[in-house]
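Worksheet for the structure shown next.
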Amino acid sequence: MWDALRAHHAGVKNRRFETLVDQARAADFSVQAGDMLLDYAKTNIDSDGRKLLIDLLDRAGVAAKRDAMFSGAAINETEGRAVLHTALRNLDGAPVMVDGVDVMDGVLQTLSRMARFAADVRGGVFQGQGGAITDVVNIGIGGSDLGPKMAAIALAPYHDGPRCHFVSNVDPADIAQVLRGCDPATTLVIVASKTFTTIETMTNAQTAKAWMGETVSDPAAQFAALSTSGDKTAAFGIDPSRVFGFEDWVGGRYSMWGPIGLSLMIAIGAKAFRAFLRGAQAMDTHFRSAEWSQNMPALLAMVGIWHNQICGHATRAVLPYDNNLARLPAYLQQLEMESNGKGVSMDGADLSVNSGPVVWGEPGTNGQHAFYQLIHQGTRVVPCEFLVAARGHEDDLHHQHQLLVANCLAQSEALMKGRDLAEARSKVADKFEGAELERQARHRVFPGNRPSVTIAYPQLDPFTLGQIVALYEHRVFVEGVVLGINSYDQWGVELGKELATALQPVVEGAQGTDDKDGSTAALVGFLRQNGV
Ligand code: F6P
């Protein structure tokens, strides 16, 4: 099924796609979902290529698998689970069946409980032992941290609740720095862990409990838990009234729409949180109903497949020209790389094409003064994904926002057009001549012909953020189906966890290094000599 696309690529790979980009193409190679626009005109995909990519989606059975996911089928086959994060934003409550049972009652009840608790914390009804809650500390890692943290930063202009902090790393520097700024008597600690076994989170949770116990008589009373494991939260001492549960059909990296989003809800309020869910729900509806040529997540996936599996570009840069999306690249690293970084297909056979790309990035314009040099002149092509809002939240500084937008558009234009040798020569002809002019000019050539897409929206409000995150979730789904992999397990994180557990007594000196390889033994030796 890949051959036709490969043959097409071979025929077009040497053309300059800039020559395709007239105004008709801008309309044809862009799509709107609600008030969000995706422009993919600045790529080398033409209508024949798009047809072949749509054909790829059809042959992979994406539509049937999408419908199976939304209907609660156990599409996470290696774990025998449904994949139903979409139920968490199914605010209208249409039935969603898992094993013959409608899960929506439970979902909506939990959402109401979260809203009540958030209102109590925000309104001073739920208090710490020293008074109203001033600080909320979310302790979690991976999907129990990256999503809510990314969203809390993205929606900073909407915060009107207590201060909100995130602790994830087992490195004590992380929790120490956060707790230093909090008063234990007015802090709420939220332990966010689907499994309630993750070593980093449980270690940090115990550290926080001990810290709080030095000041207040009943530290557990200022703890809440977000987990699928009621037994373990009870064993930790957290009252069930402050435990917000969810089901195993919500994957960790897809979980911020439910209880894992509690810290965000406390920061922005239940109404804004619902708007966030509504944005995602709108993207779900679009994904389920729009034909592939007009379907934003499907098109983003097609562009991704074209650049990675067909053109062979191994990485993709996510470049938000929206400083509040500073943590979006980190969030997407987990969403995309933990989902689609797999080497075998559903049936256990080796993949015949590359797995998902390395995703990385930083907000613009900061990145321009750091790694854009490589993006423009390096020997490898890095497809870029720009995100930009028409308006920021600083009305009095709108002219500054316009400068930001100009920079964003300039980068995609520069990547596409580049600068040839003749133009580079003319730029320095007044300073150099002869061989030196030639040499100097060559350093100023930009190859161009480098692809990018741009996602533009009016303003980064809760609804829009919901749209953006759901857009990426569904893009990951489509890419995973086309690759034939299970995007919803993460076996690749297990080996390191097992070895870390085995290494802890070695690092502590309770066990020797005899069964370790030479390099690991030598590193343990060095660190022990230096005080570990
Ligand atoms: O180690 C990977 C992982 O399982 C992620 O998939 C998950 O988001 C993270 O750890 C945290 O897991 P938990 O929420 O169970 O603590």
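Values as computed for the structure displayed
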quantity	calculated
Residue order for 136, 353 - accessible surface, 1.4 angstrom probe, largest first	353, 136
Distance between the stretch 411-451 and the stretch 343-378 - C-alpha centres, whole angstrom	27 Å
In Å², nearest 10: area of residue 168 left accessible to a 1.4 Å probe	20 Å²
Potential extension, residue 3-residue 507 segment - 0.36 nm per residue separation minus Cα distance	176.3 nm
Per-residue ³J(HN,Hα) for the stretch 253-263, Karplus 6.51 cos²θ - 1.76 cosθ + 1.60, θ = phi - 60°, Hz, x for Gly and Pro	7, 10, 9, 6, 6, x, x, 4, x, 4, 4
Karplus (6.51, -1.76, 1.60) ³J(HN,Hα), θ = phi - 60°, over the stretch 419-424, in Hz, Gly and Pro reported as x	8, 7, 5, 4, 5, 4
Cα centroid separation - the stretch 84-163 against the stretch 479-529, whole Å	33 Å
Share antiparallel - DSSP beta bridges, the chain, percent rounded to 5	30 percent
Rounded to whole Hz, the Karplus (6.51, -1.76, 1.60) HN-Hα couplings of the stretch 49-61, x for glycine and proline	x, 5, 4, 5, 5, 5, 4, 4, 4, 5, 5, 6, x
Principal semi-axes in Å for the chain [√(5λ), Cα gyration tensor, largest first]	41, 28, 26
Projected area averaged over orientations for the stretch 102-273, convex hull of C-alpha atoms, nm²	8.9 nm²
The stretch 1-156 - percent relative contact order, Cα under 8 Å, separation 6 or more	10 percent
Most to least accessible of 322, 347 (protein chains only, probe 1.4 Å)	347, 322
Relative contact order %, the chain, counting alpha carbon pairs below 8 Å whose residues are six or more apart	18 percent
Two-site FRET efficiency, residue 63 against residue 395, from Cβ-Cβ distance with R₀ of 45 Å, rounded to 0.05	0.55
Filtered trypsin sites (Lys or Arg not before Pro), the stretch 1-90: DSSP coil and at most 16 other beta carbons within 10 Å	13, 15, 16
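The values are calculated or read from the model by the stated rules, or taken from the named source; none is laboratory data. This structure is a prediction, so every number in the text was calculated from the model and none was measured. We place every Cβ from the backbone using ideal geometry, glycine too, and count neighbours over all the protein chains shown. Areas reflect the complete protein model, heavy atoms only, side chains present, ligands, DNA and RNA absent. Shrake-Rupley method; radii C 1.70, N 1.55, O 1.52, S 1.80 Å.
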